[in-house]
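First comes the structure, then the notes that go with it.
The values are calculated or read from the model by the stated rules, or taken from the named source; none is laboratory data. What you are looking at is a predicted structure, and each value in this text was computed from that prediction instead of being measured. Cβ: placed from backbone, ideal geometry, glycine included. Neighbour counts: every protein chain shown. Ligands, DNA and RNA are excluded from the accessible area calculation, which covers all protein heavy atoms including side chains. Shrake-Rupley method; radii C 1.70, N 1.55, O 1.52, S 1.80 Å.
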Amino acid sequence: MLNEGVGSWTARRARKTPGAPAIRYAGRMLTYAGLDDRVRRLARALRGLGAGPGSRVAYLGPNHPAFLETMFATWSAGAIFVPLNRRLAGPELADQLADCGAALLVYAPEQAAVVAGMGGTAGRSTADRSPGLRHLVALARPAAGDHDFESLLGGPPPGPDDVPVSLDDPCLIMYTSGTTGRAKGATLTHGNVTWNAINVVVDADFRADEVALAVAPLFHTAALNMLCLPTMLKGGSVLIEPAFDPARALELIARYRVTSMFGVPAIYDAMAAAPGWADADTSSLRMLLCGGAPVPDATIRRYTSRGLTFIQGYGMTETSPGALLLDAEHALAKAGSAGVPHFFTDVRVSGPDGAEAGPGERGEIIVAGPNVMAGYWGQPGASAAVLADGWLHSGDVGTADEDGYVSVVDRVKDMIISGGENIYPAEVENALLSHPAVADCGVIGIQDGRWGEVGRAVVVLRPGESASEADILGFLDGRLARYKIPNSVHFADSLPRTATGKILKKQLRETHGGTTA
């Protein structure tokens, strides 16, 4: 069987447009032929370290060409790529590495300290929570016992890849925090990723001369699967930035004639607030893809006043992630909606009886199509709970109008979306309850002018115990990623609960909600 998977894309693109620019980074350019050569070399090295069909290779670091090289090489070797959120704390990363059973981790120098704390090789302490790690590969300055990334690419050019991969084989495990507090690894197949890319190329009109600016983290499915991979499928180039800086983003758009980018609303707000915004040359931009949170009207106006229009959508990691898309043509006429289903995807608003809800009626958003995940890694019960009768049950409530445009009106899950990052209160509450002075707690989202939403913890202290807001927040530092740590703490004598003990979050928002202003 031939390699049908996404790992073959670099070779297929190299044979069509070998000299076309594939990746730009830090003033350097790598063609598709050059990228394919590096991917083949790295794939050979990974196979030599034991990576093969079904094994897991993890990556920890900021946006960098090595992210894409490792990803394609992992897929070329038939293995499964696990991009890790570099904003997570060490214990959280160790939990995910242990959960997926990764045997090999590629890491950037910025993450050297947290990796050293986790250990995992024969040359380091194994008193950690990810004992399955057998090989660590450093992008630069490897520690004793670690492999050097560039050194792995040495030797003569390898021959053609002969590892058989089908579209049904898993290729990605992307972790998404669960409402129970335990992270779940959404397992995406090569077919899921391929069909999502086809959906995006068809619906968003990507071109062969695309210049895509990747400032949002590639370890999130939107930046990777909605911008980067569709661009490369079409043969465009990806301009990679390790982190987002609004002034630099505006400068790069003008210098490289950027045609497309993806960002959460906070990214676009920061660009519009940058000192150079008024004089910035944004004339090359064709597509402003936006997701992760609803786009405020004020943000939309700042860009439409310059002749620029957002392409908004709705999706989730479990759908690779595209489900709905509101194209530029209907951005104003259907403002407030998330659009219609992607071309090869079906979306329904399902009523309480399972029948499709009528126009304007509320129901659960459910999704079907070749981009819907295979399930959660190692969690058959959780998989079965969301995948039923061929549909993915999102847990989100929406309505559809007479034209089929779907609006997301509520979240069944109490998820907080802060700057495009998903925060699940149960996870934060579990961490808070480990504080010796905390007897009970609830976490809610409150409005914030910069991030859209931030967390607020409502805490009940144990009798005779005392703790300040600074004490509580400081306790979480290092236990949770910083973006998950609440912005503020309110103290209460008790929390409102149902007869069965569930916190009444609606009532908690009424008494302790508001804004950060």
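Rounded to the nearest whole Hz, the Karplus-based 3J(HN,Hα) values (6.51 cos²θ - 1.76 cosθ + 1.60, θ = phi - 60°) of segment 230-235 follow the sequence x, 4, 6, 4, 7, x, with x at glycine and proline. The label-point distance for D401 and R134, in a model that sets each label 7 Å from Cα toward Cβ, rounds to 5.7 nm. When both segment 414-466 and segment 7-43 are represented by their alpha-carbon centers, they are found 44 Å apart.
Per residue of the chain, what 222 nm ellipticity follows from adding -39500 (n - 2.57) for every DSSP H run with n ≥ 4, rounded to the nearest 500?
Details: 15 runs with 139 residues, N = 517.
So the helix-based figure for the chain works out to -7500 deg cm²/dmol.
Each DSSP beta bridge with both residues in the chain is either parallel or antiparallel, and the antiparallel ones are about 55%. Would you grab the residues whose amide H sits under 5 Å from the one on Y59? Only those 5+ places off in sequence or on another chain, please, with H modelled 1.01 Å from N. Residues meeting the amide H criterion: V82, L84, V106. Here the Kirkwood formula puts the hydrodynamic radius of segment 352-494 at 17.7 Å, using every distinct Cα pair.
Atom-type composition of the exposed protein surface of the chain places 52 percent of the accessible area on carbon and sulfur (1.4 angstrom probe). When the surface is traced with a 1.4 Å probe over the full set of protein chains, S466 keeps roughly 100 Å² accessible. Applying a DSSP loop filter and a limit of 15 other Cβ atoms within 10 Å to the trypsin sites (Lys or Arg not before Pro) in segment 233-324 leaves R257, R306.
Report the paramagnetic label zone for D209: residues of segment 1-34 whose backbone N is under 14 Å from a point 7 Å from Cα along the Cα-to-Cβ axis. It comes to 21, nothing else. In segment 361-517, taking the dipole from charged Cβ atoms about the Cα centre, the farthest positive-side position among L476, V458, I503 is held by L476. Model label sites at A333 and A426, defined 7 Å from Cα along the beta-carbon direction, differ in position by 4.2 nm. In the context of the full set of protein chains, the chain has a per residue accessible area of 40 Å² (1.4 Å probe). Using R₀ = 30 Å, calculate the FRET efficiency as 1/(1 + (r/R₀)^6) where r is the Cβ-Cβ separation of E150 and D245; round to 0.05. Working from the Cβ atoms, E equals 0.65. With both labels modelled 7 Å from their Cα along Cα-to-Cβ, the A384 to M29 distance reads 5.5 nm.
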